[in-house]
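Readers should treat all values here as calculations from the given coordinates under stated rules, not as data from a laboratory. No experiment lies behind these values; they were computed from the predicted model shown. So basically every Cβ, Gly included, is an ideal-geometry build from the backbone, and we count neighbours across all protein chains shown.
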Amino acid sequence: MQLRSSRRGRAIAGIAAVLALVLTGCTSSQTFSYEPPKQVDGKLPDDLTAQMKTAVDEAMAATGSSGAIVGVWVPWSGSWVTGIGTQGGGDDTKVTADMSFRIGDVTRMMTCDVLYALADAGEVKLDAPVPDYVSGVASLKDVTLVDLCNGTAGIGSSEAAAKPLWLMTPDRQWAPLQLASFGLGKPLTAPGVAYDGSDAGYLMLGLALERITGLSASELISKYVTTPLELHGTSLPAPAAAKPEPAPALKGTYAPQVEGGFDCKAPVDITKMSSSTGFTDSGAVSTIADLGRYVQADARQALRDKDAKPGRFDAPLPASANADSWFQATGGAFKVGSMIGQHGWTPGYITAAYSDPATGFTVAVTMNNSSAGSSPAAYLAWELAAIASKAPAAKGETAPEFGLPFTAEQYRDAINSAPLCKPAG
C-alpha cells in the first residue's frame, strides 16, 4: 500500500498507505506521472516509535505545546502516524492524526510549484523582472521571479514588524503588498547572491502569479498543486478569519510574554485567524497525511515533466552564512543532507516536512504553540529522521544506502538547550 489521505481527509486508516500518484498534467500541453517508491504497509518497530514518542514529548514540553501531530514514513520498514497530547487551554480533547492545521512556510514550496508550472507551460519566464507583474516596486528592477522563489531577492523580512499585529488582530485581512511593505522598507541587498528567505518575497511572488494568470492564489494552488496531487485536506483558504479546514482542527496557540520569558501555562487560542497573514508565504492549511504526501511528491519534482529544465533544486546556496555545508536552500525549500522540505511558523503552529527524493523517506510534524518560532519544528523533524533512518528492513525488503549528516542526539540537545517556557509567577 502507499501513503495517501482518504478523500474525506478524515479517515486515519489510509494515512499510513503508500503514495500512489498518477498525476494529470497542470497544463493542457503536458501530462505528468509520478511513481512513488513502494511503502511497507505496517508499523515501525516499537523501540523506534518509543524513541520518537520521547522526542516529541520533549519538544512539546520545550515549546509549551499541548499537542502535536507526527507522520514518519520509511518505505522499506513501515510508518508511524499519530496525534499526541491534547488541545490544551482547558480542553482535554485528545489530538488525533486527522486534525487539520496551518503549515506555515511549507506554503512557499507550493507557491514555487505554481511558478514552475507556468514557466514550463511558457506562460512566464523565470527570469522575468518583478516590476513587470507587481506594481509599485520599481526598485526591484533587477530582481526576478525566480529570485523571489529561491529566497535570493535581497529583500528584508516583514515578520518582526507584523508579528505583534497578527497576534493582536488575528481577524484582520491584509493586502499582500501592504504586508510585504514592512520588508520592502528595509535596505535592499544584491539579488541572486545569498539566501535571505524573505517572507515579503513570497508574498510578492503570489501577487505576480495572480497578475500573470488572472486567478487568485487560492485557485492557483488548487489548480497546480492540490488537485493534481489529490490533496483533499489542503488549501490556501479565503482571507476571512476561520479555523483550519477540514474539521476537526488542531487548536493553535501562543504563549504570552512575562518578565524574563513566556508563560506557557496560559496559552492564547489563535486557531481562528485570517490566512492573509501568510498568503503565499505561509497561509496554507493541511493534514499530516496530505503534508507527507505533498512533500514526498514535491521533493521528487512530481509536478514537472522529468526532463523539465532548469532543475528547481539543482543550485542551492548556504541556508545562512554559518550554516553546515549540508544545510542549503533554493526553490522555496531547504536541502538537509539528501532531504528536501521546509519548516516554519505561523501564529498558533510550528511545522516541518522533509523527504528524501531517492527513497521516499518522509517526516512531517506540527506542534500547536508558535512562540518558540520555527527552529524547534525543524530540529524535531531532523531528530525524528535520524531515529527513523535506522529502521531495519521489513521481511522481504532491502534497506537502501541511506544516511543523514547529523545525529538524533544533536537535535535533541538543540531543542532542550533553550526551552521557551517560564513558570508563571
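Data overview
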{"read-out": "Protection proxy ranking, peptides 180-190, 347-357, average beta carbon neighbours within 10 Å, highest first", "value": "347-357, 180-190"}
{"read-out": "Theoretical gain in end-to-end length, Thr227 to Lys306 [0.36 nm per residue, Cα-Cα removed]", "value": "26.5 nm"}
{"read-out": "Cβ-based exposure ranking for Thr271, Thr346, in which fewest neighbours within 10 Å come first", "value": "Thr271, Thr346"}
{"read-out": "Virtual spin-label span in nm between Lys53 and Arg211, 7 Å along Cα→Cβ", "value": "5.3"}
{"read-out": "Under 21 Å from Lys306, Cα to Cα: lysines that are on another chain or at least 8 residues apart", "value": "Lys38, Lys125, Lys223, Lys335"}
{"read-out": "Cut-off 11 Å between beta-carbons: net charge of the residues surrounding Ala190, Lys and Arg +1, Asp and Glu -1", "value": "-3"}
{"read-out": "Sorted by Cβ neighbour density within 10 Å, fewest at the top, the residues Lys141, Lys390", "value": "Lys141, Lys390"}
{"read-out": "Residue with peak Gaussian network fluctuation, the chain [Cα springs, cutoff 10 Å], from Gly283, Gly341, Gly214", "value": "Gly214"}
{"read-out": "Dipole moment magnitude, nearest 20 debye, the chain about Cα centre, only Lys, Arg, Asp, Glu C-beta charged", "value": "560"}
{"read-out": "Cβ-Cβ FRET estimate between Gln173 and Asp413, R0 fixed at 35 Å, reported to 0.05", "value": "0.25"}
{"read-out": "Cα gyration tensor, the stretch 46-416 - rounded (a/c under 1.5), prolate or oblate", "value": "oblate"}
{"read-out": "Estimated vicinal HN-Hα couplings, Hz - the stretch 66-76 in sequence order (Karplus 6.51, -1.76, 1.60; Gly, Pro = x)", "value": "8, x, 8, 10, 10, x, 10, 10, 10, x, 8"}
{"read-out": "10 Å beta-carbon shell around Asp281, net charge (K/R +1, D/E -1)", "value": "-2"}
{"read-out": "Segment Ala240-Lys43, length gained on full extension (0.36 nm per residue, minus Cα span)", "value": "66.9 nm"}
{"read-out": "Lys/Arg +1, Asp/Glu -1 at C-beta; the chain dipole; positive extreme among Cys421, Val225, Gly90", "value": "Gly90"}
{"read-out": "Most to least packed among 121-133, 195-207 [average Cβ atoms within 10 Å]", "value": "195-207, 121-133"}
{"read-out": "Segment Ala121-Ala61, length gained on full extension (0.36 nm per residue, minus Cα span)", "value": "16.9 nm"}
{"read-out": "Highest-first arrangement of 403-415, 304-316, 144-156, where packing means the average Cβ count within 10 Å", "value": "144-156, 403-415, 304-316"}
{"read-out": "Over the chain: helical MRE at 222 nm, DSSP H runs n ≥ 4 each giving -39500 (n - 2.57), nearest 500", "value": "-8000 deg cm²/dmol"}
{"read-out": "Karplus-derived 3J(HN,Hα), 6.51/-1.76/1.60, for each residue of the stretch 378-395, Hz, glycine and proline x", "value": "4, 4, 5, 4, 6, 5, 4, 4, 5, 5, 5, 5, 8, 4, x, 5, 5, 4"}
{"read-out": "Gyration tensor (alpha-carbon) shape descriptor, the stretch 50-132, a/c threshold 1.5", "value": "prolate"}
{"read-out": "Förster-model FRET efficiency, 41 Å R0, Glu219 and Thr189, C-beta, rounded to 0.05", "value": "0.80"}
{"read-out": "Karplus (6.51, -1.76, 1.60) ³J(HN,Hα), θ = phi - 60°, over the stretch 294-303, in Hz, Gly and Pro reported as x", "value": "5, 5, 5, 5, 6, 4, 8, 6, 5, 7"}
{"read-out": "Neighbour-count ranking [beta-carbon atoms within 10 angstrom, fewest first] of Asp98, Asp263, Asp113, Asp171", "value": "Asp171, Asp263, Asp98, Asp113"}
{"read-out": "Efficiency of FRET between Ser320 and Lys395 - r from beta-carbon atoms, R0 51 angstrom, step 0.05", "value": "0.75"}
{"read-out": "Whichever lysines have a C-alpha closer than 16 Å to that of Lys390, once near sequence neighbours (fewer than 8 apart) are set aside", "value": "Lys43, Lys53"}
